[in-house]
Amino acid sequence: MSDTGVWAVVLAAGASSRFGSPKQRLLLEPVLERVRRSSVDDLVVVLGAHALETSGRAVQCRDWRRGPGVSLRCGLAALPPEAKAAVVVLGDGPDLAPEAIDRVIERWRAVPDDGGRRLDAVLVPCDDLGPPGDVDSADDVPDRLKPWSSPNL
């Protein structure tokens, strides 16, 4: 457990309509494992379209159909009072490097009371870490996560 004051909000509320089935059942735990290897204090998983078992603290977003902004607000509202900041992680990026999260946290500054509008956007280089993955269809799933390609099936 870390003590950065930073939590992760993992967005996993979507219907997975392009995937054809709840892709979160296959992808969410590998994403959570990678997030936990970063320096976040803990995480909140935002669920919506599908009832899922998860190893993380979960919040059900009833209005998930309205879009990812609603899901993000649900996750932010579920953060505990001790959370000083949050990093947002998509639940369908199974190759996310924990180091990418850590680099963002290292560049994080306190948000002033009047909001972050006056803060400059900062590019955090992570291209040496490889892409996090973006699984929209079964063809996008990394081979290591494909139960249907296992020689034991």
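Numbers for the structure displayed
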{"read-out": "Orphan Cys of the chain, criterion: no other Cys C-beta under 4.7 Å", "value": "Cys126"}
{"read-out": "Rounded FRET efficiency, nearest 0.05, which uses the C-beta distance separating Arg25 from Arg66 and R0 of 22 Å", "value": "0.45"}
{"read-out": "With all protein chains modelled, accessible area of Cys74 [1.4 Å, Å²]", "value": "40 Å²"}
{"read-out": "Choice from Gly115, Gly93, Gly48 with maximal GNM fluctuation in the chain (Cα, 10 Å cutoff)", "value": "Gly115"}
{"read-out": "³J(HN,Hα), Karplus 6.51/-1.76/1.60, whole Hz, each residue of segment 77-85, x for Gly, Pro", "value": "5, 8, 5, x, x, 6, 6, 8, 7"}
{"read-out": "Percent carbon-and-sulfur accessible area, segment 49-153, ignoring ligands, DNA and RNA, probe 1.4 Å", "value": "52 percent"}
{"read-out": "From phi via Karplus (6.51, -1.76, 1.60), per-residue ³J(HN,Hα) for segment 112-117 in Hz, x at Gly/Pro", "value": "x, 4, 8, x, x, 4"}
{"read-out": "Heavy-atom surface of segment 1-139, accessible at 1.4 Å and reported per residue (Å²)", "value": "59 Å²"}
{"read-out": "Modelled FRET efficiency - R0 41 Å, Glu106 with Ala51, Cβ distances, 0.05 increments", "value": "0.70"}
{"read-out": "Local electrostatic count, Gln60, Cβ distance below 15 Å [Lys/Arg +1, Asp/Glu -1]", "value": "+3"}
{"read-out": "Length released on extending from Arg117 to Ala138, taking residue separation times 0.36 nm less the Cα-Cα span", "value": "3.7 nm"}
{"read-out": "Accessible-area value, Glu29, 1.4 Å probe, nucleic acids and ligands omitted, Å²", "value": "60 Å²"}
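The values are calculated or read from the model by the stated rules, or taken from the named source; none is laboratory data. Note that this is a predicted model, so its numbers are computed, not measured. Counting neighbours? That spans all protein chains shown, and the Cβs are built from the backbone with ideal geometry, glycine included. Accessible surface areas use protein heavy atoms only, side chains included; no ligands, DNA or RNA. Shrake-Rupley method; radii C 1.70, N 1.55, O 1.52, S 1.80 Å.
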